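I have placed the structure first, in the form of structure tokens, so that the comments after it can refer back to it.
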Amino acid sequence: MPLQFKKQVIAPERFESAGVFDVNGDGIPDIVSGEFWYAGPDFKKQYRLAHLQPHGDYFDDFSTLPVDVNGDGRLDFITGGWWGETLRWRENPGAPGKLWPEHVIARTGNIETTRAWDVDGDGELEYVPNTPNHSLVVYQLIRDADGRGTGRFAAHQLKFKGRANDRQGHGLGCGDIAGHGRADFVLQNGWLEAPEHPWDGEWLWHPEFELPPLASVPILVADLNADGVSELIVGNGHGYGLSWWSQQRAADGVRVWREHPIDPLNGQYHDLQWVDLDGDGQGELVTGKRLLAHPHGEPGLCDAYGWYVFKWTGECFAKHVADFGPLGAGKGLGISFAVADLTGSGRLDVVAPGKDGLAVYFNQGDGGLTEMPEVK
């Protein structure tokens, strides 16, 4: 049977990013989104953490990436946005109701959104903002001898080989494309092969494809058919379309990419995640519409919408609709949604922010559960 979800509306707030982590140290996951955090396990108690300045239909808050930045044992988070043009972290004060001080990591230019990947293979995440028309820079938390954060970051501007400039476009991904066990980067019009030493070496440019001009963040890198070769999964962040791209070799050994449609009839696939929602040990594609990604005039703006789980069949993707409907009935996933086990059930739940409010979808497995499991 397909997966079943139980929806709980958390708040009508219009922030587009959400994260899940233990804010207050009680061992229970909490939800952080925009100006507030919501205490688990029921997420009914709302605490303010900031006052964010609106920019038209947006707030300058396009990621919620948890990390103990200053080594005090409390989880903070990294954010940033288009208008502030800075990558920032908010410091967890350790007391409910207190505002979280904001600290600037770097002036970056406009940030579409930020993602966390282990770029250098040391087991720790680095932070990479997608900054269209600006350089690709990786921010690494500087840690002390005991592995604790120091509150400081090292900025690594990658060196490109074979490309005239180091500018990004709209869209960014990270994963092993070359099959060398290192983290390569995917841009909208090609990919960067990681050198052995990512901070000092040159990244080799491969201009092998043209993805949608306003590609998703992230562009996923996944070995769909377990043949040891990675494929790409990319959404159109500001128009119709969701597709996967197979990596093949021509007779002369040249790498070629072929596009395969997944869902060409729905739009604003801005955030994608590859996670095991059904517990079978294989990943599924989880994605959905970013409501009012551009509030004026882009294709699919006024369509009914929702979010979906796409199951890889071995040849293509089968679509399972988790939620769908017109505005007020359907639900989108914002610019940065979260997936985590919120109840201790062993199943991953989905936290859905967006201009249409904040909601949680509790994963009921194949539908056999009739009540929420007790959180202990």
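The values are calculated or read from the model by the stated rules, or taken from the named source; none is laboratory data. Model, not experiment: these values are computed from the prediction. For neighbour counting, all protein chains shown are included, and Cβ atoms are generated from backbone atoms with ideal geometry for every residue, glycine included. With ligands, DNA and RNA removed, areas are computed over all heavy atoms of the protein, side chains included. Shrake-Rupley method; radii C 1.70, N 1.55, O 1.52, S 1.80 Å.
Worth a mention:
- Among (1) within 28 Å of G314 (Cβ to Cβ); (2) out of contact with any Leu (no Cβ under 8 Å at 6 or more places or on another chain); (3) surrounded by 16 or more Cβ atoms within 10 Å (Cβ to Cβ) - the single one L232 does not satisfy: (2)
- With respect to the stated conditions, W245 is open to solvent by 10 Å² or more (accessible area, probe 1.4 Å) and aromatic (F, W, Y).
- Hits in the range 325-343 - residues which are of a type in the set (G, A, S), part of a loop (DSSP other than H, G, I, E, B) and either within 17 Å of Q273 (Cα to Cα) or touching a helix residue (DSSP H, G or I) at 6+ places or on another chain (Cβ under 8 Å) (or both): G332, G334
- Scan of the range 184-205 for residues that are of a type in the set (G, A, S), assigned to a loop (DSSP other than H, G, I, E, B) and surrounded by fewer than 20 Cβ atoms within 10 Å (Cβ to Cβ), ordered by number: G201
- Hits in the range 268-277 (condition: surrounded by 18 or more Cβ atoms within 10 Å (Cβ to Cβ) and either part of a loop (DSSP other than H, G, I, E, B) or modelled with pLDDT under 95 (or both)): Q268, L277
Conditions (1) crowded, with 18+ Cβ neighbours inside 10 Å; (2) under 16 Å from the mean Cα position of the chain (by Cα); (3) on the phi < 0 side of the Ramachandran plot, marked per residue:
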position	(1), (2), (3)
D76	yes, no, yes
T79	yes, yes, yes
K98	no, no, yes
P101	no, no, yes
I111	yes, yes, yes
N130	yes, yes, yes
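- Residues of the range 33-64 that are in contact (Cβ under 8 Å) with a residue 60 or more places away in the chain and either in a loop (DSSP other than H, G, I, E, B) or under 14 Å from E102 (Cα atoms) (or both): G34, G40, P41, F43, G56, D57, F62, S63, T64.
- In the range 288-309, the residue that is most open to solvent (accessible area, probe 1.4 Å) out of those that are in contact with a strand residue (DSSP E or B) (Cβ under 6 Å, 6 or more places away or on another chain) and in contact (Cβ under 8 Å) with a residue 60 or more places away in the chain is P299.
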